[in-house]
Amino acid sequence: MAAVTTASERNETQAFRAILPQLAPFVGILAIAMILPFVSNDYWALIGTRAAIYWVLVSGLNLVVGFAGHLAIGYVALLALGAYTTSVLVAGNVMAPVPVFAALPIAGCVGAVFGVIVGLPALRLRTFYFAMSTLGFATIVTQIALAWQSVTGGGIGIAGPEFPAPFDTAWGYYYLCVAFAAFCTWMSANVAHSRFGRALIAVRDAEVAAEATGISKPRMLIAIFLFAGALAAIAGGLFASLQTYITPDAFTFDLSILFFIAILIGGRGSILGPMLGTIILTILPEIAAPLAAWSTFLYAGLLLAIVLAMPGGIAALLDFRNRRPLASNRAIVPRPAALGDIARKTMGDKTAGDKTLSLRNIVLSFGNVRAIDGLDLDVKPGQVHGLIGPNGSGKTTTLNVISGYYAASTGTLALGADALPAGRPEVRALRGIARTFQTPRVIGAASVLENVMIGGTVEGEATFVEALLALPRHWRDERKLAASARALLGVVGLEALADVRADRLQHSELRFIEIARALMLDPDFLLLDEPAAGLSGDEIERLGALIKAISRRGTAVMLVEHHADLIFDICDQVTVLNLGRVLAAGTPAEIRAHKEVVSAYLGV
Amino acid sequence: MLASILATGLAAGAIYALVGITYNTMFSTSRVMSFTAGQLAMLGGVFGSMFMLKMGMPILVGFFLTLLGCAIIGVITEFVAVRPVLKSLDQHLYVLSTLALALMIQQVTAIKWGTEPQPFPRLIGWGSGVWDEKFWLPVAACAITIIGLEYLYRRTLVGRAFLAIAEDNFAARALGLPERNLRVASYALAGIVGGVAGFSGGELLLAFFANGALLNFYGFVPVALGGLGNNRGAIIGGLALGLFQQAANFLVGGIFSSVAVFALFIVVLLAAPQGLFGSSTARRV
């Protein structure tokens, strides 16, 4: 018992030490922000306050743009919305006046609602379309602010809210805004380093794989749109107070561009980068006064330069860790024996070993081509089931039907006695079905460890709010996911590369990352789509041993493969497809002796 | 009132349709939607006013120089914002690079030309009231452009090469078509179409730097409604949008017409993301 405690304490210290270099820049920026009042004048108070307010908005928007990858350009609309809501509530020209510290949360709620409304199109629309729709929204809010004179004061404007002492001086207000900014940084960092942040990046860079791990894109996006909208509106309230008087002119499109470009200059998927980006873009026009008129041109030029020359932004520049060269001639040595140390779960109805995945009379056509033409197939627990056949015979299509990317036009799909809904790939993970892809779908920008942790997203218990505020359940989730991800990386033989960006790895290593990711679910069914493609002879042999070990734990493995040796070596059952139909099925020995199969494919 | 709605609606709709065709022309050879489409139309008005009013050139010379200027901006778009990011089309970097270029064009115009709308000269002087040339000119320009494009695409070798590249880039390159030159040519063509939109709509929209952002949105709506790369869809969508917007403008007032257009845009896109006349999406897995 005592030993366990010391071990976990040591792990905590280690984890703390690992996090320290990441934390240091933030502490440094905060320290500079704290001493700014003692070394400068009121002019810098204004600029510092503005940077802090912008960062309150950008820290939320960063999750939308930098992490989820949605090009929300028109966020000045939500800033304006928050500014007007706070001002109108405090001024009391519509209803009884509200104290400013009550008005801000109300504005936050309004902003959250509109954040979702603005963001909703992102659930259906692709990049350019979404950018356009946020742009359209920004135009409309300005027009409404101009036209709705009884509330907003139209072109004449309305007085911004005043904060009570001690926040009524320039530096007092500065400290308040810095406190808000620091709090928002902390929250957005919590989200970024939770399963939600990882899932956002997964949806951005590998949407298909994210679905297979059970990530629900709509719920995820709505949560961050709520958060980003609330922060933007609160930033608006603070902004209105700083301006002391607001008109629609205060919310020019240039501001939107500043927010958006700060994130891209900073680098996607980073928090420090966009923070530096915000500070730089806020200060830039100030230190070069003649440039003020050209500020938008400057921002745009910077954006163009970043996109063309340095798509990773500031964050990539500061990422020293991933510049260290990796050892060449790395060989992957999986340790199937280590699987034994990882306990199998038996949760609820998901008891391994008694369910068969059965396909009955599946038909799927693309146009006039029948890719699958009346397929019957049973995959039994604890077996390795090989699926072979020539190109175009429907192997991968069969996997895609099982994992829900294609909905068969007729036929049934059942897991034990329960029918599996056709289509709907995102419900497969919870039913214990995991898969890999023919071309590995890995998040290049995330570390190997994070890639594997993605596989366990549905197992997390903490809600978005718990993750936001870093409550105990969030930490428990994180520890559990990281521990099992590290253990599985050990099983597939990649533990030495855990902290490396995945896009620096070799193709064969990506295949093993995918297997580890799929195993995070502790699946009852593991679908492998050509896992041996691109592997060396030795690696294929080790892969075979790994697959066997997985199946011996009661997981049914379905293997689509072209390497006949591997198939006949490790499969318990083999099904041969041709033109979407079963040509032959049986044990490897039976298939080897099957006349048609032999003459057609084995070329003997 | 009905006559005014029809006149302004068709005129605005024709301009939106032309901007939509500008988007489509760039998209067809490069698979890129460019934020510079609206800016090209804005420049059509600004260049026209600059050449004819500020410099006092004859109409035909001004028209020719305007189109030349817009074509050059189109080619610059291809070189600066499109070609470098084509390699990684799936990362959608073109959204950012073309946005950056569009903002730079807009800012330079705002500073060098001014932020106030400036007049555009009368070109022909035919018609008055609802038959004023500022209403029928965009419609005529739109019709002529469409006929010209149809002729180009169906009867000329270059036009067929455009179609081939739009249909299947890889196959077209395998046949030895000069894909890169054709792409540059299509961006020049897009510049000309945008220039025609701005020039013919100059009397209606004036020479105003902020028209760029406005036309970017209103020109994109017909593309989204009609389906990417579908010129017929863009024409129908553009005219319908113009009529809808002007009807709302006359019936319920300016702000609500913008809200109505935006709501229509979002609703249609959520219901039919590929557009009303578009084809379905590609395979994902």
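Remarks
- Test result for B:VAL75, of a type in the set (A, V, I, L, M, F, W, C), within 14 Å of another protein chain (Cβ to nearest Cβ) and part of a helix (DSSP H, G or I): no
Conditions tested, residue by residue: (1) crowded, with 24+ Cβ neighbours inside 10 Å; (2) modelled with pLDDT under 95; (3) part of a loop (DSSP other than H, G, I, E, B).
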residue	(1), (2), (3)
A:ALA102	no, yes, no
A:ALA112	no, no, no
A:SER133	yes, yes, no
A:PRO161	yes, yes, yes
A:ALA165	no, yes, yes
A:ASP168	no, yes, yes
A:TRP171	no, yes, no
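- Residue in segment A:357-386 that is surrounded by the most Cβ atoms within 10 Å (Cβ to Cβ), counting only those that are more than 30 Å from A:ALA549 (Cα to Cα) and of a type in the set (Gly, Ala, Ser): A:ALA371
- Test: residue in segment B:59-78 that is without any contact (Cβ under 8 Å) to a residue 24 or more places away in the chain and acidic (Asp, Glu): no
- So A:LEU146, is it of a type outside the set (Val, Ile, Thr) and at pLDDT below 85: no
- Some residue of segment A:184-204 being of a type in the set (Lys, Arg) and within 14 Å of another protein chain (Cβ to nearest Cβ): yes
- Enumeration of residues in segment A:511-539 that are surrounded by fewer than 19 Cβ atoms within 10 Å (Cβ to Cβ) and in a helix (DSSP H, G or I): A:GLY537, A:ASP538
- Residues that are surrounded by fewer than 21 Cβ atoms within 10 Å (Cβ to Cβ) and either within 14 Å of chain B (Cβ to nearest Cβ) or not in a loop (DSSP other than H, G, I, E, B) (or both) within segment A:144-157 comprise A:ILE144, A:LEU146, A:ALA147, A:TRP148, A:GLN149, A:SER150, A:VAL151, A:GLY154, A:GLY155, listed in sequence order.
- All positions within segment A:106-143 that are without any contact (Cβ under 8 Å) to a residue 40 or more places away in the chain and more than 13 Å from chain B (Cβ to nearest Cβ): A:ILE106
- One residue from B:LEU99, B:LEU93, B:LEU123 being at the interface with another protein chain (Cβ under 8 Å from one of its Cβ atoms) and in contact (Cβ under 8 Å) with a residue 60 or more places away in the chain: B:LEU99
- Condition met for B:ILE15 (farther than 27 Å from B:ARG160 by Cβ, among the β-branched types (Val, Ile, Thr) and at pLDDT 95 or above): yes
- Residues within segment B:206-219 that are buried (at least 24 other Cβ atoms within 10 Å of the Cβ) and touching a Leu at 6+ places or on another chain (Cβ under 9 Å), tallied: 7
- The lone criterion from (1) without any contact (Cβ under 8 Å) to a residue 12 or more places away in the chain; (2) outside any helix (DSSP H, G or I) left unmet by B:SER88 is number (2).
- Exactly one residue out of A:GLY416, A:GLY432, A:GLY456 is in the same structural domain as A:GLY534 (by TED's automatic domain parsing) and farther than 14 Å from A:LEU519 by Cα: that is A:GLY416.
- A count restricted to segment A:27-49 and to residues that are surrounded by 10 or more Cβ atoms within 10 Å (Cβ to Cβ) and outside any helix (DSSP H, G or I) stands at 1.
- Any chance B:ARG160 is loosely packed, with under 15 Cβ neighbours inside 10 Å and under 22 Å from the mean Cα position of the chain (by Cα): yes
- Verdict on B:LEU182 being out of contact with any Leu (no Cβ under 7 Å at 6 or more places or on another chain), at positive phi and either within 14 Å of another protein chain (Cβ to nearest Cβ) or of a type outside the set (Val, Ile, Thr) (or both): no
- Given (1) surrounded by 24 or more Cβ atoms within 10 Å (Cβ to Cβ); (2) in contact with a Phe, Trp or Tyr (Cβ under 6 Å, 6 or more places away or on another chain), index of the condition B:GLY233 fails: (1)
- Residue count for segment B:200-244 under the criterion of being part of a loop (DSSP other than H, G, I, E, B) and closer than 19 Å to A:ALA138 by Cα: the result is 2.
- Annotation: B:PRO84 fulfils all but one of (1) buried (at least 21 other Cβ atoms within 10 Å of the Cβ); (2) within 8 Å of chain A (Cβ to nearest Cβ); (3) touching a helix residue (DSSP H, G or I) at 6+ places or on another chain (Cβ under 7 Å); (4) within 24 Å of A:GLY66 (Cβ to Cβ); the unmet one is (1).
- Criterion applied to A:ILE280, A:ILE332, A:ILE306, A:ILE287 was being within 14 Å of chain B (Cβ to nearest Cβ), modelled with pLDDT of 80 or more and on the phi < 0 side of the Ramachandran plot, and the one residue passing it is A:ILE306.
- Only one entry in A:THR139, A:THR152, A:THR134, A:THR85 is in the same structural domain as A:SER188 (by TED's automatic domain parsing) and touching a strand residue (DSSP E or B) at 6+ places or on another chain (Cβ under 7 Å), namely A:THR152.
- Pairs with Cβ under 7 Å, 6+ apart, first in segment A:277-300 and surrounded by fewer than 19 Cβ atoms within 10 Å (Cβ to Cβ), second part of a helix (DSSP H, G or I) and of a type in the set (D, E, K, R): A:SER295/A:ASP254
- For segment A:376-466, the strands (runs of 3 or more DSSP E) that sit wholly inside it and include 1 or more residues that are within 14 Å of another protein chain (Cβ to nearest Cβ) are A:433-435.
- Unique residue being surrounded by fewer than 24 Cβ atoms within 10 Å (Cβ to Cβ) and more than 30 Å from A:ALA210 (Cα to Cα) when the list is A:ALA77, A:ALA24, A:ALA52: A:ALA24
- Pairs are defined by a Cβ separation below 7 Å, a sequence spacing of at least 6 or placement on different chains, a first member in segment B:142-158 that is over 16 Å from B:LEU239 (Cβ atoms), and a second member that is at pLDDT below 95 and of a type in the set (Phe, Trp, Tyr); the pairs so defined are B:TYR153/B:PHE162.
- Inter-residue pairs, beta-carbon under 8 Å, first part of a loop (DSSP other than H, G, I, E, B) and in segment A:547-565, second of a type in the set (Phe, Trp, Tyr), 6+ apart: A:THR555/A:PHE525
- Filter pass, B:MET33 being out of contact with any Gly (no Cβ under 9 Å at 6 or more places or on another chain), outside any helix (DSSP H, G or I) and more than 14 Å from every other protein chain (Cβ to nearest Cβ): no
- Selection status of B:PHE35, modelled with pLDDT under 95, over 20 Å from B:THR66 (Cβ atoms) and buried (at least 24 other Cβ atoms within 10 Å of the Cβ): yes
The values are calculated or read from the model by the stated rules, or taken from the named source; none is laboratory data. What you see is a predicted model, and the numbers here were worked out from it, not measured in a lab. Methodologically, a virtual Cβ is constructed for each residue, glycine included, from the backbone with ideal geometry; neighbour enumeration extends over all protein chains shown.
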